[in-house]
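Here's the structure, in structure tokens; my notes come after.
The values are calculated or read from the model by the stated rules, or taken from the named source; none is laboratory data. Model, not experiment: these values are computed from the prediction. Cβ sites come from the backbone with ideal geometry, for glycine too, and all protein chains shown count toward neighbours. Note: areas computed on protein heavy atoms with side chains; ligands, DNA, RNA excluded. Shrake-Rupley method; radii C 1.70, N 1.55, O 1.52, S 1.80 Å.
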Amino acid sequence: MTDKTTNTTTTTTNNLNEDDKELKAIEYCEEANKLIKQLKDREDKNILDETTSNLSQTNIEENSVNKDNDNDNDSDDDFNENEIIEKVTELFTKAMEMDSECLDAYLGLAYVKGMQRNYELASELLEKANKIDPSDERVNIMKQTLEQEILTQDEVDSVPDFEAVMDIGNPKINIPFIIINGGVTKKFITVLREIFDRFDGNKDNCLNKREMQSYSKAVNGQEMDLQSLQTILGGYDSHPRNGLTFTGFVELYVNQTIEDSSETLKDLKTLGYDSELKLIK
């Protein structure tokens, strides 16, 4: 049944004339853009919820059991977001295959690749879009935005490893290779990024409860108790549904380092880094 349907669809697509192919490509783009809008709307809602929410620690603890029961649902939601991005990519790709000069498809896919920080491919797609229609203002705007993002990343990359990139407000704090004159070093942030990515299984730039427990088992040999987990999510930058963000992970480690640097050094050693933040295993 499936094979017959696939063959019929392929035959129908191949029999389309050029005008019909252009229309089909537009349909793919419209479907992809609707999915992108869903992602944006959801993100806007999550930001609004996070901004307006002012739950007390008591309320967090009272609801902790329910939140824990929703853990699997949260993970499913995370996965669904990734599925949507994959579907969007597939639709824009189909649109380009259907019509090699479908401007919206190139712009849409460039937007997605920019979201994924694949700046090289995003730039290539925008160059192709520019050749299709150099006068389209959207192309110029997206190129300028992408160039600014690349410039910002280049500026970060140009900072020496052990130069401070994040001020903690106390110039008297000095912890070799980690905090210098009250500033967190670029190298420490880089190491934290490597550790974070190691446990961010679904690559959504957040650590959900399951991923945080995997991290806890790696550094402590056991999972966190529910109260500790909720305290971290409530006290550091977190996505309302997806979990601890990378910003929150950095906040967590900076605070821990200020309070007890030996604990951070222990974690780093357990995860394979030496005292100079070099990966040794």
Say whether the condition of being within 27 Å of Glu83 (Cβ to Cβ), hydroxyl-bearing (Ser, Thr, Tyr), open to solvent by 60 Å² or more (accessible area, probe 1.4 Å) and at pLDDT 80 or above is met by at least one residue in segment 128-146.
-> yes
Please identify the pairs in which a residue from segment 222-241 that is closer than 14 Å to Asn208 by Cβ has its Cβ atom under 9 Å from the Cβ atom of a residue that is part of a strand (DSSP E or B) and small (Gly, Ala, Ser), counting only partners at least 6 apart or on another chain.
-> Ile232/Ser238; Leu233/Gly243
What is the number of the single condition among (1) polar (S, T, N, Q); (2) under 18 Å from the mean Cα position of the chain (by Cα); (3) over 19 Å from Met166 (Cβ atoms); (4) not in a loop (DSSP other than H, G, I, E, B) that Thr247 does not meet?
-> (3)
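Can you say whether Leu268 is over 19 Å from Lys186 (Cα atoms), open to solvent by less than 60 Å² (accessible area, probe 1.4 Å), assigned to a helix (DSSP H, G or I) and not charged (D, E, K, R), as far as the supplied structure shows?
no
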Spot the failing condition for Leu226; the list is (1) in contact with a helix residue (DSSP H, G or I) (Cβ under 8 Å, 6 or more places away or on another chain); (2) surrounded by 15 or more Cβ atoms within 10 Å (Cβ to Cβ), and only one is missed.
-> (2)
